[in-house]
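The values are calculated or read from the model by the stated rules, or taken from the named source; none is laboratory data. None of the values given here were measured: they were computed from a predicted structure. Backbone-built Cβ (ideal geometry, glycine too); neighbour counts: all protein chains shown. Note: areas computed on protein heavy atoms with side chains; ligands, DNA, RNA excluded. Shrake-Rupley method; radii C 1.70, N 1.55, O 1.52, S 1.80 Å.
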Amino acid sequence: RLTFRGMCLVLASGGLFAIARVSGAAWRIPDGHARQVLVLAASNIPGWNVLSIYGISHLASGRAAILGHTMPLWSMLLSAWLLGDRLTPRRLLGLALGMGGMGLLASAEFRHLGEAPLGVLFMLAAAMTWAGGVVAYKRSPPPMSITSLTAWQMLIGGVPIWAAGLAFESVAWDQVGFWPLFGLWYNVFVAVLFCYWAWNRIVQMVPVGVSSLGSLILPVVGVFCG
């Protein structure tokens with residue numbers, strides 16, 4: 001699991017660096033902002049990816065998706081506290097409808113959550129670190145392109161994940177067939193390279209409450225695919 005996720009992140013970071021180079025965006029982290037990028041990378045990459053990996057290993061995919069996407073709740077509370085964002089009636093209504101919809105999706109699953117408390121804790125912690133990363137970016141965005149920022153986050157966060165995978169996991173590459181390889185490259189180019197970039201671009205463009213609520217389509221996909 002760590003090997004797979006680390007490989008996807010590092011390979012996708014290489015693709016984004018190449019896109020940044022072709023588009024003329026600067027690769028370099030601006031002076032005085034390395035710590036800021038490190039904090040964003042830690043919350044958005046290992047914080048979310050590693051915690052969710054272990055959360056999913058204890059829970060069914062639908063339950064894990066629902067818990068992980070309590071993120072809008074935490075991000076709205078953090079943005080009100082740290083950014084001074086107003087919790088307008090429209091945003092509160094959107095949050096209530098979104099959380100209510102997730103409650104309906106999870107209504108048949110609540111009785112199972114107590115069977116895997118560790119998985120619940122992992123997924124809630126993953127959701128909180130994801131929310132923290134969104135708010136940290138909105139509070140003080142580094143002066144660099146989203147493409148380069150996303151690439152650096154993936155590289156900084158992905159290398160230790162891949163290294164941990166190499167240290168603690170083994171992969172029988174000679175037994176890996178077409179569909180697992182297809183899944184790997186789909187994750188590299190679509191789920192990681194494009195979707196991480198697109199998510200960061202959305203976070204850059206709109207308030208925290210709007211981007212966070214937009215993520216609530218994911219549990220629906222997770223439940224039905226599961």
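Determine the per residue accessible area of the chain with all protein chains present and a 1.4 angstrom probe, expressed in square angstrom.
On a per-residue basis, the chain sits at 52 Å².
Evaluated at 4 °C with a viscosity of 1.567 mPa s, what Stokes-Einstein diffusion coefficient in µm²/s does the chain have when Rh comes from the Kirkwood expression over alpha-carbon pairs?
Answer from the Stokes-Einstein relation: 71 µm²/s.
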For this session: At most 13 other Cβ atoms within 10 Å and a DSSP loop assignment: could you name the trypsin sites (Lys or Arg not before Pro) in the range 45-100 that fit?
Result: ARG86
Problem set entry | THR129, THR150, reordered so the largest accessible area comes first (probe 1.4 Å) | THR129, THR150
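Counting residues in the range 118-226 as N, plug N into 2.2 N^0.38 Å and put the Cα Rg over that result.
On the way: Rg = 16.3 Å, N = 109, 2.2 N^0.38 = 13.1 Å.
The value comes to 1.25.
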Exercise. Helix by helix, which DSSP H runs in the chain go 18 Å or more along their axis at the Cα atoms and have an average Kyte-Doolittle hydropathy of 1.0 or more?
Worked result: 2-23, 117-139, 146-168
Problem set entry | Heavy-atom accessible surface of the range 115-226: percent carbon and sulfur, 1.4 Å | 74 percent
Problem set entry | Helical contribution to [θ] at 222 nm, DSSP H n ≥ 4, -39,500 (n - 2.57), averaged over the chain, rounded to 500 | -22500 deg cm²/dmol
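Calculated FRET efficiency, ALA164 and VAL190, Cβ-Cβ r, R0 25 Å, to nearest 0.05?
0.55
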Exercise. How high is the FRET efficiency between PHE178 and LEU38 when r is their beta carbon distance and R₀ equals 25 Å, given to the nearest 0.05?
Worked result: 0.10
